[in-house]
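The values are calculated or read from the model by the stated rules, or taken from the named source; none is laboratory data. Note that the structure is predicted; figures quoted are calculated from it, not measured. Neighbour counts are summed over all protein chains in view; Cβ atoms, including those assigned to glycine, are modelled from backbone coordinates with ideal geometry. Just the protein is used for accessible areas: all its heavy atoms, side chains included, with ligands, DNA and RNA removed. Shrake-Rupley method; radii C 1.70, N 1.55, O 1.52, S 1.80 Å.
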Amino acid sequence: MAAATLSPVDTEKISKLNSAVAGLNQISDDEKNGFINLVSRYLSGEAQHVEWSKIQTPTDEVVVPYEILAPTSDDPEEIKKLLDKLVVLKLNGGLGTTMGCTGPKSVIEVRDGLTFLDLIVIQIENLNSKYGCNVPLLLMNSFNTHDDTLKIVEKYSNSNVEIHTFNQSQYPRLVIDDFTPLPSKGQTGKDGWYPPGHGDVFPSLKNSGKLDALLSKGKEYVFIANSDNLGAVVDLKILSHLIKNKNEYCMEVTPKTLADVKGGTLISYEGRVQLLEIAQVPDEHVNEFKSIEKFKIFNTNNLWVNLKAIKRLVEADELKMEIIPNPKEVDGIKVLQLETAAGAAIRFFDNAIGINVPRSRFLPVKATSDLLLVQSDLYTLEDGFIIRNKDRTNPANPSIELGPEFKKVGNFLSRFKSIPSIVELDSLKVAGDVWFGSGIILKGKVSITAKPGVKLEIPDEAVLENKNINGPEDL
């Protein structure tokens, strides 16, 4: 796609911005250049518009069903060869603030006293010891999580997993009124800056020197995933398929449910596979985009990418992903953050595919309602892997809605003496000042509402099946 040219007014804006950014000595030249480049693309209106009539549903060659992947060899030597080509990279830039926690989200305890990061390290430790391989773990931090993460990873120093950390770019927030960087206006703290989305993983890998170091050790593929997706574990069938078929990029997709209608989907467009996000959809087609019948799959953000291809495309400056404008307000000043997403890079890689994976590979923990699922008897923990209970016959997880009293992890934990049994639960809705005893079993559809100003306690060992509870008299 040819770069659009800038108007004289926008050229002047970029020129002033360039001068202002040059004086920001908190960031590197790579970051300054990357930022100016992103803003120039944004001003030129290089947004990628999708012609709806050209969209095609991808075939099974483009989005491969997981079931048809060839089984991997049982020979430990063959498996070791495969795994020695792999690097695992977790996106670790997010804070746990929405769940009421301080520090990186990856240090929230998920189950049995283990954090997201503990589970990730245990999984890779088990692979490395079982096959005698060396799969390293990379953590891409943001300036928000960097210092804390460095302290946290010290506890794994005796592990057989090489852990490397690097920072994604740090860009200045743009003041909308006069198009100047916020830090130039005296906002020198963290609020003046932002990490520009996980699309930045590719240039940051290169700029940090990690990419060349990994290539020099014979690594070929990186498996990128969100640190809070408990289903994103190394899969030998996927890795083997990509190496055999020389796929430069693979996005794991999974069938949509009604909860996933906003997730990006894969389409075939002008001969290439491409991610279609809701922001790119013309208004008149938004309902069609959300329909499960037409667009059946969505992006899990589990991505497998060839390292040499990343190097080639970053060096040629060809990764021009769609820009996501994210307006914010800092101390009453309206600012703009320009971001990109890693999944949108799929269209720049050769022989890129999707793989339609089982839902078990997408188990994100975004809220305490998700924490309730993974801490319950719906799952067990084996060798760092969260395994779904076979006694659950319904392939879908129960839908869980917890009121604001449960939003913060600390409050959530204090309101449950123990996590209820939910293997036979379809849905749970909790509102108000509700407290749970121990040994409770929930089945079918359960709704519990405490009246305003009234504390409602669910007694120990209670069995609630298809119940609507509005007070102690309903128990």
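Couple of notes before you dig in:
- Each Cα pair under 8 Å and six or more residues apart adds its separation to the average, and for the chain the resulting relative contact order is 15 percent.
- Burial order of peptide ranges 339-347, 327-335, 420-428 (average beta-carbon count within 10 Å, highest first): 339-347, 420-428, 327-335
- Across the range 246-287, the mean sequence separation of Cα contacts (distance under 8 Å, 6 or more residues apart), normalised by length, yields a relative contact order of 25 percent.
- Each residue of the range 350-355 was assigned a 3J(HN,Hα) from its phi angle through the Karplus curve 6.51 cos²θ - 1.76 cosθ + 1.60 (θ = phi - 60°); the sequence is 7, 6, 7, 9, x, 10 Hz, with glycine and proline shown as x.
- Basic side chains Lys and Arg get +1 at the Cβ, acidic Asp and Glu get -1 at the Cβ, and with that the dipole of the range 368-474 about its Cα centre reaches some 280 debye.
- The range 316-415 shape via C-alpha gyration tensor axes, a/c threshold 1.5: oblate
- Taking all Cα-Cα distances within the range 126-276, those exceeding 23 Å account for 54%.
- Antiparallel bridge percentage (DSSP; both residues within the range 368-474; nearest 5): 15
- For the range 264-376, a/c is less than 1.5, where a ≥ b ≥ c are the root eigenvalues of the C-alpha gyration tensor. That puts it in the rounded class.
- Taking 7 Å steps out from each Cα toward its Cβ at residue 53 and residue 272 produces label points 2.3 nm apart.
- Average accessible surface for the chain: 46 Å² per residue, computed with a 1.4 Å probe over protein heavy atoms with every protein chain in place.
- Taken one residue at a time, the phi angles of the range 248-259 give Karplus couplings (6.51, -1.76, 1.60, θ = phi - 60°) of 7, 8, 9, 10, 7, 10, 8, x, 5, 10, 4, 6 Hz. Gly and Pro are set to x.
- Here the chain has 50 percent of its accessible surface on carbon and sulfur atoms, given a 1.4 Å probe and all protein chains in place.
- Tilt relative to the chain, helix 8-22 - C-alpha long axis, 0 to 90 degrees, to 10: 70
- Mean Cβ count within 10 Å, highest first, over the residues of peptides 194-201, 177-184: 194-201, 177-184
- When every Cα-Cα distance of the chain is counted in 10 angstrom steps from zero, the calculated P(r) takes the values 4, 18, 27, 27, 17, 7, 1, 0 percent.
- The chain: antiparallel DSSP beta bridges as a percent of all, rounded to 5: 50
- Note on the range 368-474: along the principal axes its Cα atoms extend 44, 28, 21 Å, ordered by decreasing extent.
- Whole-Hz Karplus values for the range 421-434 come out as 6, 10, 4, 10, 8, 9, 8, 9, 10, 10, 9, x, 7, 10 Hz, taken residue by residue from phi with 6.51 cos²θ - 1.76 cosθ + 1.60 and θ = phi - 60°; glycine and proline positions read x.
- Inter-centroid distance (Cα atoms) of the range 6-59 relative to the range 166-208, Å: 13
- For residue 281, neighbours were defined as the other residues whose beta-carbon sits under 11 Å from its Cβ, and their charges (Lys and Arg +1, Asp and Glu -1) total -2.
- Length gained on full extension, residue 237 to residue 399: 55.3 nm, using 0.36 nm per residue less the C-alpha separation.
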